[in-house]
Structure formats: structure tokens, C-alpha cells
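Colleague: Have a look at the structure that comes next, please.
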Amino acid sequence: MLPVVEASPLRAVPQGKKCVLDEANRAQAYAWFADVVASQWKHDERPVVFVPVPGSKATTIATVKEGPTHRLAVAVSQRIPGSFAIPLLCWAQPIPSASKEGGSRDPRILYPLLHTVTHTSVPDQARVFLVDDVLTSGGHIRACEAVLRNVHSIHVEGALCLARTVEVEEERALETRTTDYERFQPVDDQSPW
């Protein structure tokens with residue numbers, strides 16, 4: 001199982017309305033989330049690597065670094081001693097955004113479209129976590145975890161997500177939750193390369 005910790009730093013609004021993560025509240029939300037993660041982090045001597053899930057248009061290391069998930073991974077890594085934000089994944093070509101353009105959330109479709117973007121090695125014995133800004137179905141996280149595991153033999157301990165796309169009840173608006181997802185196992189002919 002792949003544990004995914006999610007939180008919603010934005011207060012729920014009246015029924016029928018959605019909380020929106022946008023440029024007006026993004027910096028505050030990132031700082032809040034990084035503080036929550038750091039306050040609950042179980043420290044040990046191993047280095048920690050936070051790997052951003054690439055945005056739908058991120059096809060190079062530069063475009064991954066411009067994206068919100070890398071900025072979120074950096075915010076978290078700055079609060080946890082011995083940790084690093086390292087962009088390891090990108091898309092082979094831009095893909096349709098799942099939320100805005102009806103793109104897929106299915107890891108079977110996403111997996112072969114992912115590529116690694118850096119030859120930076122992950123430190124031995126490092127604890128590796130994926131970081132995403134918004135969680136919907138877990139498909140992007142599952143596809144990214146499968147590429148790191150199957151192509152690079154990197155064990156991903158879990159994922160951290162800033163928010164969920166569903167409405168949040170008022171009394172649960174600032175709560176963190178953990179959901180276990182089945183690890184995606186691609187079939188042999190589904191290799192990303």
C-alpha cells in the first residue's frame with residue numbers, strides 16, 4: 001500500500017461552494033502545509049527526498065521547477081533537516097490537464113508517458129516521498145511511484161498532498177488524513193521507454 005497524507009488548509013465555505021487553491025492563497029497554503037508536515041515529522045538519521053509530481057505541461061526539469069508541486073516540495077524540505085526537493089520526473093510531452101482539459105487520471109495511461117528528467121542520484125537509504133498540490137483519485141501519484149520503483153528501484157514511502165478536490169466539511173477543514181492506495185503495477189508491455 002502507498003500511504004498518501006492529504007490536508008486542506010483552506011476553510012470550507014458554505015454548501016455548494018468549493019475551496020480554491022489559487023495565486024492569492026498559494027504561498028500561505030504552502031507555508032501552512034510545510035509547517036504541519038514538519039510539526040508531525042518523525043525524524044531519523046536518514047536523508048529525505050521530496051519528489052514533486054510533475055504538472056501536466058512539465059516536460060523538462062526547468063518546467064517542473066516552475067510548477068507548484070516543486071515549490072511545495074521546496075517549502076516542506078526547508079523545514080525538515082537533512083531533506084531535499086529533487087525533481088526526478090516529467091512528461092514525455094504535455095498532457096491534457098485532468099481538471100481543466102479532461103485529461104486522464106488513470107495510472108495505466110499516465111505511466112508510459114512519464115520520464116525521468118535528472119541523473120541526480122537519490123542518497124543511499126533515503127526516505128523518498130512524492131509531493132502533489134491537489135489530490136483527486138491518486139492516479140498521478142500511483143503512476144509516478146511505479147516509474148520510480150520499476151525504472152530506478154527507488155522505494156517511495158508515501159506521498160504528501162496539500163489539498164483534495166472534494167468539498168471539505170467545516171469541522172474537518174484543517175484536518176490531515178491518510179489514505180492507503182494500491183501501488184500500481186504496470187504490465188510488461190507498458191514500459192515508459
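Colleague: Under 5 Å between amide hydrogens, which residues at least 5 positions from Ala163 or on another chain qualify, with H placed 1.01 Å from N in the peptide plane?
Modeller: When sequence neighbours closer than 5 places are left aside, the close amide H contacts are Ala7, Val134, Leu135.
Colleague: Using a basic spin-label model with each label point 7 Å from the Cα along Cα→Cβ, how many nm lie between Ala92 and Ala27?
Modeller: Result: 3.9 nm between the two label points.
Colleague: Given R₀ = 25 Å, FRET efficiency for Gln40-Glu182 by Cβ-Cβ distance, to 0.05?
Modeller: 0.55
Colleague: While we're on this one: Over the Cα atoms of region 46-124, each weighted equally, I'd like the Debye log10 I(q)/I(0) at q = 0.19, 0.27 Å⁻¹, rounded to two decimals.
Modeller: Reported log10 I(q)/I(0), two decimals: -0.81, -1.25.
Read-outs throughout are calculated quantities, based only on the coordinates presented, and are distinct from any laboratory measurement. Small disclaimer: the values here were computed from a predicted structure and weren't measured. Glycine also receives a Cβ, built like all others from the backbone with ideal geometry; neighbour counts cover every protein chain displayed.
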